[in-house]
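Engineer: Would you mind keeping the following structure in view while I ask a few things?
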Amino acid sequence: MDIEQTLKTPQHQRYQPRKPTESEWDILEETLRLNRAYIPHAPTQQQAWFLALSEQEIMYGGAAGGGKTNALLMAALQYVHVPSYSAIVFRRSYTDLELPDALIPRSKDWLTGKAKWRGDKYEWEFPSGATLTFGYISSENDKYRYQGAQFQFIGFDELTHFSETQYRYLFSRLRRLEESYVPLRMRGASNPGGIGHEWVKQRFITEGAKEGRLFIPASLWDNPYLDREEYVQSLMNLDPTTRAQLLNGDWTAREAGSVFRREWFSYVSSIPSGLTGCRYWDLAATAPKAGTDPDYTCGVLLGIKDGIYYVADVVRFRGTPADVEKKIRQTAIVDRERPEFRSIEIRIEEEKGQAGISLASHYSRNILRGFNFRSHKITGDKEVRANPVSASAQMGNVALFNGAWLTDFLDELESFPNGSHNDQVDGLSGSHEVLSSIPNKPISISFGRRPS
Ligand SMILES: Nc1ncnc2c1ncn2[C@@H]1O[C@H](COP(=O)(O)OP(=O)(O)OP(=O)(O)O)[C@@H](O)[C@H]1O
Ligand SMILES: [Mg+2]
């Protein structure tokens, strides 16, 4: 991929929104002046438009590193000089908010010593009495956590990670302060991709200005403060469509074959020995019923050696919980005898909540006792989780053993994320995540065989 060339294509310009009016520029200048103590950066041109335009709904979208998160934080702080102003900015989880360089650490860089941080509430309180809160909406019902609250600014970072119902519910929390000029603003920032890609595109690009909603494209060129190398690194985590169209702000629909393509893989009729492995199980949510298209239980066995991943085996079936237990144990016994592997970690994707914990404990005490087993808590949606292994495959680092399962496996991979099942993709993403987190040295727990 010629990154320089792609970056230079100014296609994103066709989405430029209307220009701010004189009075909008005046208000921007005034609010930045009043809150200079809290907003340490001068906005770039695209950020300035995002801050100045007064439509109720605006989305700042485009490639990694365009300065979107910064813009969102600046926007939230624009009125903190006003007593009783309240702003909230969401991500899917507190973990997402607290990652290095995510919103909370960034707000601490900007605000420590100038506003009061109330860690228990994830909230800044300003000398005026205004507040800026960080919130999360992880499950669909989490949106009700904000019932009863009122905000004049609601921001969503990585908007495509949310569902449209979560986003729309929050409109009910957007309330004007009495006798105040503070505008009501819903603001989103996002890369393309993610579970919400389609609704975000529909809402802001397809309907967009007709419905009074603005879309501001972000591109690397708009952000002179970004480190190019770091940027290229972040590309590796994007799906190939986004990677290929990166800074164009081009939200063209994702097509089948956009996450995995069969020509990216190499095919082998034998796998090398000395592999470090992981058998990763995605369990079907419900037992099969006649006349439906139920989920499969699927376990993908992935190995790694010298930086190349090998998909060695895929087991996939439908069955009752008892069938599943039996098959998982049998597979563990068969895997233990595989001569190419010096160790195999077994993981089961852990469902949220108590049921997931109980199931994991049942497997570790009864079904897989004596095996190197743990359950695996997952974060992020399926598409986001598939991105690292998609990037590895695109770089030519994933080989597939030519097993009987191969055709089904490739069909599912190519239809992802639009296909009817994604258990094999989950198994592949999960095992890749486990193996890529293991340091590059022989792991200590094996089946009693010494590494050769
Ligand atoms: N106006 C600005 N002045 C100075 N630095 C800025 C400005 N805008 C952004 N930056 C810096 O550029 C880097 C990227 O910005 P930011 O994280 O806001 O981009 P992003 O579009 O949210 O990226 P991602 O897609 O990775 O979430 C950050 O280090 C940020 O501090
Ligand atoms: Mg960001």
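Engineer: Within the group Ala102, Ala71, Ala75, which residue is under 26 Å from the mean Cα position of the chain (by Cα) and modelled with pLDDT under 95?
Structural biologist: Ala102
Engineer: Quick one: how many residues across segment 170-209 are in a loop (DSSP other than H, G, I, E, B) and within 16 Å of ligand 2 (Cβ to nearest atom)? Even if it seems obvious, please write down each step before you answer.
Structural biologist: Of segment 170-209, the ones in a loop (DSSP other than H, G, I, E, B) are 175-184, 191-196.
The next check asks that each one be within 16 Å of ligand 2 (Cβ to nearest atom); those that pass are 191-194, 196.
Qualifying residue count for the region: 5.
Engineer: Yes or no: segment 324-332 includes at least one residue that is part of a strand (DSSP E or B), under 20 Å from His432 (Cβ atoms) and either outside the structural domain of Ile271 (by TED's automatic domain parsing) or not aliphatic (A, V, I, L, M) (or both).
Structural biologist: no
Engineer: Can you give me the ranges of the strands (runs of 3 or more DSSP E) entirely in segment 60-144 with at least 1 residues that are of a type outside the set (S, T, N, Q), in the same structural domain as Leu177 (by TED's automatic domain parsing) and within 12 Å of ligand 2 (Cβ to nearest atom)?
Structural biologist: 86-91
Engineer: Another question about this same structure. Which members of segment 372-386 meet the condition of being surrounded by 17 or more Cβ atoms within 10 Å (Cβ to Cβ) and modelled with pLDDT of 90 or more?
Structural biologist: Asn372, Phe373, Ser375, His376, Arg385, Ala386
Engineer: On to the next question. Of all residues in segment 32-53, how many are outside any loop (DSSP other than H, G, I, E, B), at pLDDT 90 or above and of a type outside the set (Phe, Trp, Tyr)?
Structural biologist: Of the residues in segment 32-53, 7 are outside any loop (DSSP other than H, G, I, E, B), at pLDDT 90 or above and of a type outside the set (Phe, Trp, Tyr).
Engineer: Consider Gln56 against the criteria (1) modelled with pLDDT of 95 or more; (2) of a type in the set (S, T, N, Q); (3) farther than 18 Å from Val200 by Cβ: it satisfies all of them except one. Which criterion is unmet?
Structural biologist: With respect to (1) modelled with pLDDT of 95 or more; (2) of a type in the set (S, T, N, Q); (3) farther than 18 Å from Val200 by Cβ, Gln56 is out only on (3).
Engineer: In this structure, is Arg369 part of a loop (DSSP other than H, G, I, E, B), surrounded by fewer than 17 Cβ atoms within 10 Å (Cβ to Cβ), of a type in the set (Lys, Arg) and without any contact (Cβ under 8 Å) to a residue 24 or more places away in the chain?
Structural biologist: Taking the combined requirement at face value, the residue satisfies it.
Engineer: If a residue must be more than 7 Å from ligand 1 (Cβ to nearest atom) and either more than 19 Å from the chain's Cα centre (by Cα) or surrounded by fewer than 24 Cβ atoms within 10 Å (Cβ to Cβ) (or both), how many such residues does segment 36-68 contain?
Structural biologist: Count: 18.
Engineer: Please specify each residue of segment 273-296 satisfying the condition of being part of a loop (DSSP other than H, G, I, E, B) and either at pLDDT below 75 or of a type in the set (Phe, Trp, Tyr) (or both).
Structural biologist: Ala285, Thr286, Ala287, Pro288, Lys289, Ala290, Gly291, Thr292, Asp293, Tyr296
Engineer: For residues that are in contact (Cβ under 8 Å) with a residue 24 or more places away in the chain, farther than 14 Å from Arg91 by Cα and more than 13 Å from ligand 1 (Cβ to nearest atom), tally how many sit in segment 102-123.
Structural biologist: Residues meeting the conditions: 3.
Engineer: What number of residues in segment 159-203 are at negative phi and more than 16 Å from ligand 1 (Cβ to nearest atom)?
Structural biologist: Here the count works out to 29.
Engineer: What are the pairs with Cβ atoms under 6 angstrom where one residue, in segment 31-52, is touching a residue at least 12 places away in the same chain (Cβ under 8 Å) and within 18 Å of Met186 (Cα to Cα) and the other, located anywhere, is among the acidic types (Asp, Glu) and assigned to a helix (DSSP H, G or I)? Sequence gap at least six, or different chains.
Structural biologist: Here the result reads Gln46/Asp222; Ala52/Glu24, each pair linking segment 31-52 to a residue that is among the acidic types (Asp, Glu) and assigned to a helix (DSSP H, G or I).
Let's see how each residue does on (1) among the hydrophobic types (A, V, I, L, M, F, W, C); (2) under 30 Å from Ser54 (Cβ atoms); (3) at pLDDT below 75:
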{"residue": "Val200", "(1), (2), (3)": "yes, yes, no"}
{"residue": "Ile205", "(1), (2), (3)": "yes, yes, no"}
{"residue": "Arg213", "(1), (2), (3)": "no, yes, no"}
{"residue": "Ile216", "(1), (2), (3)": "yes, yes, no"}
{"residue": "Glu230", "(1), (2), (3)": "no, no, yes"}
{"residue": "Asn237", "(1), (2), (3)": "no, no, yes"}
{"residue": "Glu263", "(1), (2), (3)": "no, no, no"}
{"residue": "Ile271", "(1), (2), (3)": "yes, no, no"}
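Engineer: Here is a further query. Looking only at residues in segment 159-169 that are surrounded by fewer than 22 Cβ atoms within 10 Å (Cβ to Cβ) and either at pLDDT 90 or above or part of a helix (DSSP H, G or I) (or both), which one is nearest to ligand 2 (Cβ to nearest atom)?
Structural biologist: The extreme case among them is Gln166.
Engineer: Further, regarding this structure: Being away from ligand 1 (no atom under 11 Å from the Cβ), modelled with pLDDT under 95 and more than 27 Å from Glu211 (Cβ to Cβ), is that true of even one residue in segment 9-31?
Structural biologist: Yes, that holds for at least one residue.
The values are calculated or read from the model by the stated rules, or taken from the named source; none is laboratory data. Quick caveat, the model's predicted, so the values are computed rather than measured. Don't worry about glycine lacking a Cβ; one is built from the backbone with ideal geometry, like all the others, and counts go over all protein chains shown.
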